[in-house]
Amino acid sequence: MKVTVVGAGAVGASCAEYIAIKNFASEVVILDIKEGFAEGKAMDLMQCASLNGFDTKITGVTNDYSQTANSDICVITSGIPRKPGMTREELIGINAGIVKNVSTSLLEHSPNMILIVVSNPMDTMTYLAHKATGMPKNRIIGMGGALDSARFKYRLAEALGAPISDVDGMVVGGHSDVGMVPLTSHATRNSIKVSEFLSEERLEQVAADTKVGGATLTKLLGTSAWYAPGAAVSGMVQAIACDTKKIFPCSTFLEGEYGLNDICIGVPVVLGKNGIEKIVDIPLSDAEKAHMQASAEGVTKTNGLLDL
Ligand SMILES: NC(=O)c1ccc[n+]([C@@H]2O[C@H](COP(=O)([O-])OP(=O)(O)OC[C@H]3O[C@@H](n4cnc5c(N)ncnc54)[C@H](O)[C@@H]3O)[C@@H](O)[C@H]2O)c1
């Protein structure tokens with residue numbers, strides 16, 4: 001199993017590290033445009049191998065796509081992150097050009113790859129990769145919901161005073177501060193609906209804190225977060241590589257599901273060796289449906305800024 005990670009920055013390196021530590025991939029190639037940067041990150045990570053007990057071979061390359069040839073899974077993390085006060089949508093000017101070039105260069109050398117898009121604004125970048133490469137929709141997947149759901153579970157556990165392992169919950173919709181739809185009606189603590197434990201007001205606060213989860217960290221760190229994004233990507237890569245059929249909310253091209261068309265947005269999907277193996281259509285409450293519709297309108301508006 002060969003995995004390529006484009007972008008050796010904060011998220012790319014964290015993602016490569018978690019993939020290596022989980023020890024399911026034989027090879028990880030990290031590619032960056034900055035001379036020597038990916039080589040340095042790869043060497044540093046390889047020097048963790050004996051300490052952390054993994055055998056994954058990690059190599060770094062400067063913009064040499066021939067070294068990525070025949071990758072099974074490729075991850076795009078290249079592009080600029082937001083600074084405090086910025087929205088993800090404001091990154092489109094620079095990141096669209098990067099994602100278009102990177103996705104087509106990857107495809108040239110790995111025609112059978114499954115592509116995971118992380119760069120922001122992620123739903124629009126996933127849509128762009130879909131249009132730029134013409135790849136089948138099951139092989140282009142955007143990462144946002146896996147991270148947002150982890151943040152939702154963190155906030156739910158905090159409100160419940162429960163261990164995170166006792167909590168389940170999912171965030172669908174667009175990966176933006178206003179677009180995220182935390183599914184409070186489906187969230188549970190050990191199979192019991194969280195509404196049995198938390199008031200409507202407390203649940204609304206949990207949802208609000210979840211939606212600004214990225215912005216909260218960006219304010220604290222001065223740039224966007226990387227540990228949980230890297231862990232979220234590695235979880236998706238592992239589900240595909242090991243054909244686990246786990247369900248993650250992912251951004252995928254919709255053709256009628258959830259009443260939406262010609263858009264990439266977060267919905268629950270089954271991940272396995274073919275990438276997205278099934279889109280899971282679940283019933284939403286009226287409020288969640290309205291929120292999902294508004295979220296889709298926001299993503300469509302951002303997609304309109306693309307030069308396709
Ligand atoms: N989808 C999500 O949930 C999520 C979460 C966190 C961050 N992000 C996004 O991921 C992206 C990366 O964030 P980061 O914190 O790692 O940024 P970073 O600045 O630390 O790293 C980005 C890297 O991309 C490289 N790069 C730029 N152009 C390139 C190109 N054409 N080819 C190859 N490499 C190139 C840069 O040299 C840099 O090393 C941002 O767009 C950020 O907004 C998304």
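On the given criteria, is Val99 out of contact with any Gly (no Cβ under 7 Å at 6 or more places or on another chain) and closer than 24 Å to Asn274 by Cα? First the steps, then the outcome.
Numbers: out of contact with any Gly (no Cβ under 7 Å at 6 or more places or on another chain): no; closer than 24 Å to Asn274 by Cα: yes.
Spelling it out, it is not the case that Val99 is out of contact with any Gly (no Cβ under 7 Å at 6 or more places or on another chain) and closer than 24 Å to Asn274 by Cα.
Is the stretch 142-157 home to any residue that is aromatic (Phe, Trp, Tyr) and either closer than 30 Å to Asn190 by Cβ or more than 15 Å from the ligand (Cβ to nearest atom) (or both)? Give the derivation first.
Step one: filter the stretch 142-157 for residues aromatic (Phe, Trp, Tyr), giving 152, 154.
So of that shortlist, the ones also either closer than 30 Å to Asn190 by Cβ or more than 15 Å from the ligand (Cβ to nearest atom) (or both) come out as 152, 154.
The answer is yes, given that some residue of the stretch 142-157 is aromatic (Phe, Trp, Tyr) and either closer than 30 Å to Asn190 by Cβ or more than 15 Å from the ligand (Cβ to nearest atom) (or both).
Right, Ser234: of a type in the set (S, T, N, Q), within 16 Å of the ligand (Cβ to nearest atom) and part of a loop (DSSP other than H, G, I, E, B) or not?
Numbers: of a type in the set (S, T, N, Q): yes; within 16 Å of the ligand (Cβ to nearest atom): yes; part of a loop (DSSP other than H, G, I, E, B): no.
Considered against the rule, which asks whether it is of a type in the set (S, T, N, Q), within 16 Å of the ligand (Cβ to nearest atom) and part of a loop (DSSP other than H, G, I, E, B), Ser234 comes out as no.
Residue-by-condition table, conditions (1) open to solvent by 40 Å² or more (accessible area, probe 1.4 Å); (2) part of a helix (DSSP H, G or I):
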site	(1), (2)
Ala162	no, no
Ser165	yes, yes
Asp177	yes, no
Ser185	yes, no
Ser195	yes, yes
Leu203	no, yes
Thr218	no, yes
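Please determine, by comparing only the residues of the stretch 1-27 that are crowded, with 24+ Cβ neighbours inside 10 Å and part of a strand (DSSP E or B), which one is nearest to the ligand (Cβ to nearest atom).
Of everything passing the filter in the stretch 1-27, Val6 is nearest to the ligand (Cβ to nearest atom).
Is it fair to say Lys245 is touching a strand residue (DSSP E or B) at 6+ places or on another chain (Cβ under 6 Å) and open to solvent by 20 Å² or more (accessible area, probe 1.4 Å)? Give the steps one after another, and end with the answer.
Working: touching a strand residue (DSSP E or B) at 6+ places or on another chain (Cβ under 6 Å): yes; open to solvent by 20 Å² or more (accessible area, probe 1.4 Å): yes.
The answer is yes for Lys245.
Taking the criterion of being modelled with pLDDT of 95 or more, open to solvent by 60 Å² or more (accessible area, probe 1.4 Å), outside any helix (DSSP H, G or I) and of a type in the set (A, V, I, L, M), would at least one residue in the stretch 28-39 satisfy it?
yes
Considering only residues of the stretch 115-129 that are closer than 12 Å to Leu306 by Cβ, out of contact with any Lys or Arg (no Cβ under 7 Å at 6 or more places or on another chain) and touching a residue at least 60 places away in the same chain (Cβ under 8 Å), which is farthest from the ligand (Cβ to nearest atom)?
Quick first cut of the stretch 115-129, residues closer than 12 Å to Leu306 by Cβ only: 121, 123-129.
When the remaining residues are screened for being out of contact with any Lys or Arg (no Cβ under 7 Å at 6 or more places or on another chain), the result is 123-127, 129.
With touching a residue at least 60 places away in the same chain (Cβ under 8 Å) added as a condition, the list becomes 123-124, 126-127.
Values: Asp123: 9, Thr124: 11, Thr126: 9, Tyr127: 14 Å.
Checking each candidate, the answer is Tyr127.
Among the residues of the stretch 41-54, write down those that are out of contact with any Ser or Thr (no Cβ under 8 Å at 6 or more places or on another chain) and away from the ligand (no atom under 15 Å from the Cβ). Quick ask: steps written out before the conclusion?
Of all residues in the stretch 41-54, those out of contact with any Ser or Thr (no Cβ under 8 Å at 6 or more places or on another chain) come to 41, 43-48, 50-54.
Those that are out of contact with any Ser or Thr (no Cβ under 8 Å at 6 or more places or on another chain) and away from the ligand (no atom under 15 Å from the Cβ): Met43, Met46, Gln47, Cys48, Ser50, Leu51, Asn52, Gly53, Phe54.
Could you check Thr62 against (1) near the ligand (Cβ under 10 Å from one of its atoms); (2) within 23 Å of the chain's Cα centre (by Cα); (3) of a type in the set (Val, Ile, Thr) and say which number it fails?
Evaluating Thr62 over (1) near the ligand (Cβ under 10 Å from one of its atoms); (2) within 23 Å of the chain's Cα centre (by Cα); (3) of a type in the set (Val, Ile, Thr) leaves (2) as the failure.
The values are calculated or read from the model by the stated rules, or taken from the named source; none is laboratory data. Quick caveat: nothing in here was measured; it's all calculated off a predicted structure. Please note: Cβ atoms are built from the backbone with ideal geometry, for glycine as well, and neighbour counts cover all protein chains shown. The accessibility values were calculated without ligands, DNA or RNA, using every heavy atom of the protein model including side chains. Shrake-Rupley method; radii C 1.70, N 1.55, O 1.52, S 1.80 Å.
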